[in-house]
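I have placed the structure first, in the form of structure tokens, so that the comments after it can refer back to it.
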Amino acid sequence: MHVGSFVLAAQFPGQGQGEALHRAVRSAEVAEEAGLDAVWLAEHHFVPYGTCPSAVTLAALLLGRTRRIRVGTAVSVLPTTHPVALGEQAALLHLTSGGRFSLGVGRGGPWVDLEVFGAGLEAYESGFPESLDLLVRWLREPSVAAAGERFTFREVPVVPRPSEALTEASGPEVVVACTSPASVRLAAERGLPMLLGMHVGDEEKAEMVALWRRLARAAGRSPEEVLGAGHVSAGVCQIADRRTDAVETLTKAMPGWLKQGLGAHVTVDGRERSMRDPLAYTELLCGLHPVGTSRLCADRLAATSERTGVTRFALLTEGSGDLAATEENIRRLGAEVIPQLG
């Protein structure tokens, strides 16, 4: 089992954006010091829900500041970037970090980002498979050409090559954010592990993993590849000497951030959108994830892994909104929870 932190660089009410980014950087440094396995970085545009607009850029900074921990994106939003440009950045980070970089990608949402970056709504609604396939080819092949609906160009060499070895497994791993059966199929047929969201519980995640395995086998993936896929489960972690204290910390801080952050999303086409009740959503997260004593948190992680088959976790540890409290939370995760997982 591998436990990492999930960093949103969340801007809580009353905080500046620089403060949020400083907490993100510092929490990643503390994660390495505390013995966590990975740091997963979110990417958002134009909203205080997360103040990092480029997960690969922040990953580059953190890979330079750390020596052991894996750094991944969760996720780089593929419809708003050119897959070759993202592939080049991923290859660069993979090579210069000694293989410590993981590239998580996703569709994002139907937000105004698609207008600002010139991608258009079709890039979100139907263009993700083409972009994903081009990205994976760039990370696995020595040269690439494209003749698709969105991308058409002559064959060009891949520079820098993610690996000198011409093998299917060369290059950085690619993880796909999955929220629906369609996205599970997309990942499974390509043999790519999933990133599963924090808003769903063990039962739904177990169903998604089971579906991924069936579809991957049907696509001809080997039994070893299917069983060895390192799916990642996103969640929330808050540790305290009493569960009531951990829950209180999150229910005091997170609803204000969620209301401000999620409420700032603007759809590109004016479609109506509904938003979860911030307090109810916080309480849901507290019930689904390791929130409480260190023993409870370890038991919850072990149970989720056993029920779902997921072996990697990306846990939001900044739910207090406070830098000192976040650092303490990460250190307790490393010192009190991870050793109990074996």
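The values are calculated or read from the model by the stated rules, or taken from the named source; none is laboratory data. Bear in mind that the values here come from a model prediction, so they are computed numbers and not experimental data. No Cβ is skipped: glycine too gets one built from the backbone with ideal geometry, and neighbour counts run over all protein chains shown. Side chains included, ligands, DNA and RNA excluded: accessible areas come from the protein's heavy atoms. Shrake-Rupley method; radii C 1.70, N 1.55, O 1.52, S 1.80 Å.
Rolling a 1.4 Å probe over the heavy atoms of the protein chains gives the chain an accessible area of 42 Å² per residue. Label sites at ARG273 and ALA210, each approximated as a point 7 angstrom past Cα along Cα to Cβ, lie 3.3 nm apart. Across all directions, the average flat footprint of the convex hull enclosing the Cα atoms of the chain is 16.3 nm².
Cα-based values for the range 61-177, radius of gyration first and Dmax second, are 14.4, 41 Å.
Evaluating kT/(6 pi eta Rh) at 25 °C and 0.890 mPa s, with the Kirkwood radius of the range 163-246 over Cα pairs in the Stokes-Einstein relation, gives 172 µm² s⁻¹.
Dividing the summed -39500 (n - 2.57) terms of all DSSP H runs of n ≥ 4 by the residue count of the chain sets its mean residue ellipticity at 222 nm at -13500 deg cm²/dmol. Placing +1 on the Cβ of every Lys and Arg and -1 on the Cβ of every Asp and Glu, with no other charges, gives the chain a dipole of roughly 400 debye about its Cα centre. Ligands, DNA and RNA left out, the 1.4 Å accessible surface of the chain is 52% carbon and sulfur atoms.
Of the DSSP beta bridges with both residues in the chain, give the percent that are antiparallel, rounding to the nearest 5.
Details: 5 of 38 bridges.
Close to 15 percent.
Rg and Dmax of the range 1-110, based on Cα coordinates, read 13.4, 40 Å. The label-point distance for GLU19 and PHE117, in a model that sets each label 7 Å from Cα toward Cβ, rounds to 2.9 nm. Between GLU125 and ALA303, how high is the FRET efficiency from 1/(1 + (r/R0)^6) when r is the Cβ-Cβ distance and R₀ = 41 Å? Nearest 0.05. The calculated FRET efficiency here is 0.65.
Using a Gaussian network model of the chain in which every pair of alpha carbons under 10 angstrom is joined by a spring, one finds that among GLY321, GLY50, GLY287 the greatest mean-square fluctuation is at GLY287. Comparing SER170, SER102, SER320 in a Gaussian network model of the chain where C-alpha atoms under 10 Å apart are linked, the largest mean-square fluctuation is found at SER170. Projecting label points 7 angstrom from Cα along Cα→Cβ for ALA264 and ARG243 puts them 3.4 nm apart.
Working ranking of peptides 224-232, 138-146 by packing, defined as the average number of other Cβ atoms within 10 Å per residue, highest first, is 138-146, 224-232.
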